[in-house]
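The values are calculated or read from the model by the stated rules, or taken from the named source; none is laboratory data. Note that the structure is a prediction, hence the values are computed from the model and not measured. Reconstructed Cβ throughout: ideal geometry from the backbone, glycine too, with neighbour counts over all protein chains shown. Ligands, DNA and RNA are stripped out before the accessible areas are found, and what is left, the full protein with its side chains, is counted by its heavy atoms. Shrake-Rupley method; radii C 1.70, N 1.55, O 1.52, S 1.80 Å.
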Amino acid sequence: MISLEHVSKTYRMPEGQLEGVRDVSLHIPKGTIHGIIGVSGAGKSTLLRMVNLLERPDQGKVFVGEQEMTALSARQLRESRRSISMIFQQYNLVLNRTVSRNISMAMELAGVPKPERLARIEECLRFVGLEDKAQQYPSRLSGGQKQRVAIARALANGPKVLLCDEPTSALDPQTTADILEVLHHINRSYGVTILIVTHDMSVVKKICSRVSVMEQGQIVRTVAADELEAIGNA
Ligand SMILES: Nc1ncnc2c1ncn2[C@@H]1O[C@H](COP(=O)(O)OP(=O)(O)OP(=O)(O)O)[C@@H](O)[C@H]1O
Ligand SMILES: [Mg+2]
């Protein structure tokens, strides 16, 4: 479902170049939850952002479903990205818009008619358990609630893939468990393929089927999540 074939990304800066990701190949079957772990600077976010080409690899190919992302025109890429959603550690909500408008925005861009948008907002908010917060502004919400709004927004266009960059790193253990339950529920209910970057082994153990360990821009191993203990802390 997600395939990376020999992807590399080098950052060129005045002071020299830095290989963010080096010759990574990875296949993630449809409908699974895959973890990526590794120390800070290992290249996890860069790799994640390559899946929807927010970061364009300078070498290699990226496939999502049947589509070769690296071969699409700018217009095709915009279209294709609608089926790939993202959530982040810092939620990235628009602060001067209500919860409802935050969720609506991606659908507005996609040209979804208003009655359909309103129904979908309600459905997504119900899914994350925040149906009473539609008219609130994000600043009035807790971290866990903000992440639920971000998840509702990510669901709005009915994605096939959900990319998560440290989605629980700003949350306490109980809220982390709640958010992981929501992600698991999305995977089971809609068959969404989830790729999740994390520092937290418990995240991997709770919801991932497989996990890749990154070091210095490379994937050094990919194992079943329950085999993770055998390889120690990454
Ligand atoms: N836009 C950029 N310009 C230059 N270098 C970058 C850029 N983005 C990332 N890098 C470098 O590429 C390497 C990988 O960065 P990346 O953000 O993917 O790491 P990470 O594993 O996500 O780290 P963290 O756990 O701290 O989020 C780092 O050395 C980083 O400094
Ligand atoms: Mg990162």
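Here are a few things to note about the model shown:
- All of (1) touching a Lys or Arg at 6+ places or on another chain (Cβ under 7 Å); (2) in the same structural domain as I219 (by TED's automatic domain parsing); (3) under 27 Å from A170 (Cβ atoms); (4) of a type in the set (G, A, S) hold for G65 with one exception: (3).
- In the range 120-150, residue farthest from A177 (Cα to Cα) [restricted to those that are part of a helix (DSSP H, G or I) and polar (S, T, N, Q)]: S139
- Some residue of the range 188-200 being among the charged types (D, E, K, R) and under 28 Å from R78 (Cα atoms): yes
- Every condition in (1) in contact (Cβ under 8 Å) with a residue 40 or more places away in the chain; (2) among the aliphatic types (A, V, I, L, M); (3) in contact with a strand residue (DSSP E or B) (Cβ under 6 Å, 6 or more places away or on another chain) is met by L18 except one, and the failing one is (1).
- Residue identified as at pLDDT 95 or above and not hydrophobic (A, V, I, L, M, F, W, C) among E68, E15, E79: E68
- When I103, I84 are checked against the criterion of being within 29 Å of A225 (Cβ to Cβ) and either buried (at least 20 other Cβ atoms within 10 Å of the Cβ) or within 16 Å of ligand 1 (Cβ to nearest atom) (or both), I84 stands alone in meeting it.
- Test set (1) within 16 Å of ligand 2 (Cβ to nearest atom); (2) open to solvent by 50 Å² or more (accessible area, probe 1.4 Å); (3) more than 26 Å from R148 (Cα to Cα) - Q89 fails condition number: (3)
- Scanning the range 28-47 for residues that are near ligand 1 (Cβ under 6 Å from one of its atoms) and open to solvent by less than 30 Å² (accessible area, probe 1.4 Å) yields a total of 5.
- Residue match in the range 192-208 (condition: away from ligand 1 (no atom under 16 Å from the Cβ), outside any strand (DSSP E or B), small (G, A, S) and over 23 Å from S40 (Cα atoms)): no
- Qualifying position, being in contact with a Phe, Trp or Tyr (Cβ under 8 Å, 6 or more places away or on another chain) and under 16 Å from H34 (Cα atoms), among E166, E181: E166
- Filtering the range 172-212 to residues that are without any contact (Cβ under 8 Å) to a residue 60 or more places away in the chain, among the basic types (K, R) and either farther than 18 Å from G158 by Cα or crowded, with 17+ Cβ neighbours inside 10 Å (or both) leaves K205, K206.
- Failed criterion for S169 (all others in (1) assigned to a helix (DSSP H, G or I); (2) open to solvent by 50 Å² or more (accessible area, probe 1.4 Å); (3) among the hydroxyl-bearing types (S, T, Y) hold): (1)
- Among the residues of the range 1-21, the one identified as in contact with a Gly (Cβ under 8 Å, 6 or more places away or on another chain), over 27 Å from L183 (Cβ atoms), open to solvent by 30 Å² or more (accessible area, probe 1.4 Å) and more than 16 Å from ligand 2 (Cβ to nearest atom) is H6.
- Filtered by the rule that a residue be crowded, with 17+ Cβ neighbours inside 10 Å and at negative phi, the range 52-71 gives N52, E55, P57, V62, F63, V64, M69, T70.
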